1. Mind checking which residues of region 72-88 are open to solvent by less than 60 Å² (accessible area, probe 1.4 Å) and farther than 14 Å from ALA14 by Cβ?
2. Against the definition (at pLDDT below 90 and either assigned to a helix (DSSP H, G or I) or open to solvent by less than 40 Å² (accessible area, probe 1.4 Å) (or both)), how does LEU132 come out, yes or no?
3. Run down ALA36, ALA50, ALA11, ALA69 and say which single residue is exposed (fewer than 14 other Cβ atoms within 10 Å of the Cβ) and touching a Gly at 6+ places or on another chain (Cβ under 9 Å).
4. What number of residues in region 93-128 are over 16 Å from the mean Cα position of the chain (by Cα), of a type in the set (Gly, Ala, Ser) and either under 12 Å from LEU21 (Cα atoms) or surrounded by 14 or more Cβ atoms within 10 Å (Cβ to Cβ) (or both)?
Amino acid sequence: RIRHHPAVPAAGIAALISAELGVLREFVDVLRREQAALTDGSTDSLMGLAEEKVRHAEHIASLHRNRDALLHSVGLKGGREGIQALGDAGSLPIGAQNELVTLLELAKEARSLNELNGKLVNDRLQHNQKALNALTSAAQQSTIYGPDGHTQIGAAGRTLGSA
């Protein structure tokens with residue numbers, strides 16, 4: 001177990017945790033708006049939300065890399081394990097420890113929201129595929145015009161009005 005890491009610049013880690021928490025809050029907001037759009041059927045906003053999601057995810061990944069580099073520089077593991085060990089060792093200011101707890105809880109919520117939104121997208125895709133299949137089938141069975149300009153029905157090629 002880690003005791004105390006005076007070599008870790010507590011202010012640097014605290015600033016990264018705070019920045020990550022801010023971006024994660026925005027990310028969760030986007031996920032909630034995405035979920036609302038998916039459940040309400042207002043899909044026009046989904047492209048913009050997807051772009052926002054990617055931008056926030058990239059920013060979060062950049063903050064993770066910076067945090068991991070700082071942790072590795074003092075011999076700690078990166079990721080959740082390293083930051084948790086630092087928090088458990090009491091090497092973070094109390095405000096940063098509180099933000100870390102909030103960050104970890106919010107990360108779980110983000111993961112759950114993202115998984116649920118993925119399922120909603122999948123359900124919508126399956127629904128759209130079924131609708132497309134029905135329309136395609138109906139179009140194949142509908143009245144069409146043959147090469148001679150006469151109306152024909154379906155693949156049988158019978159001209160309307162003929163026996």
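The values are calculated or read from the model by the stated rules, or taken from the named source; none is laboratory data. These numbers come from a predicted model, not from an experiment. Cβ sites come from the backbone with ideal geometry, for glycine too, and all protein chains shown count toward neighbours. Side chains included, ligands, DNA and RNA excluded: accessible areas come from the protein's heavy atoms. Shrake-Rupley method; radii C 1.70, N 1.55, O 1.52, S 1.80 Å.
1. To start, the set of residues in region 72-88 that are open to solvent by less than 60 Å² (accessible area, probe 1.4 Å) comprises 74, 76, 78-79, 82-87.
If the condition is that a residue be open to solvent by less than 60 Å² (accessible area, probe 1.4 Å) and farther than 14 Å from ALA14 by Cβ, then VAL74, LEU76, GLY78, GLY79, GLY82, GLN84, ALA85 are the ones that fit.
2. On the way: at pLDDT below 90: yes; either assigned to a helix (DSSP H, G or I) or open to solvent by less than 40 Å² (accessible area, probe 1.4 Å) (or both): yes.
Criteria met by LEU132.
3. Numbers: ALA36 fails: touching a Gly at 6+ places or on another chain (Cβ under 9 Å); ALA50 fails: touching a Gly at 6+ places or on another chain (Cβ under 9 Å); ALA11 fails: touching a Gly at 6+ places or on another chain (Cβ under 9 Å).
Exactly one of ALA36, ALA50, ALA11, ALA69 is exposed (fewer than 14 other Cβ atoms within 10 Å of the Cβ) and touching a Gly at 6+ places or on another chain (Cβ under 9 Å), namely ALA69.
4. Number satisfying all stated conditions: 1.
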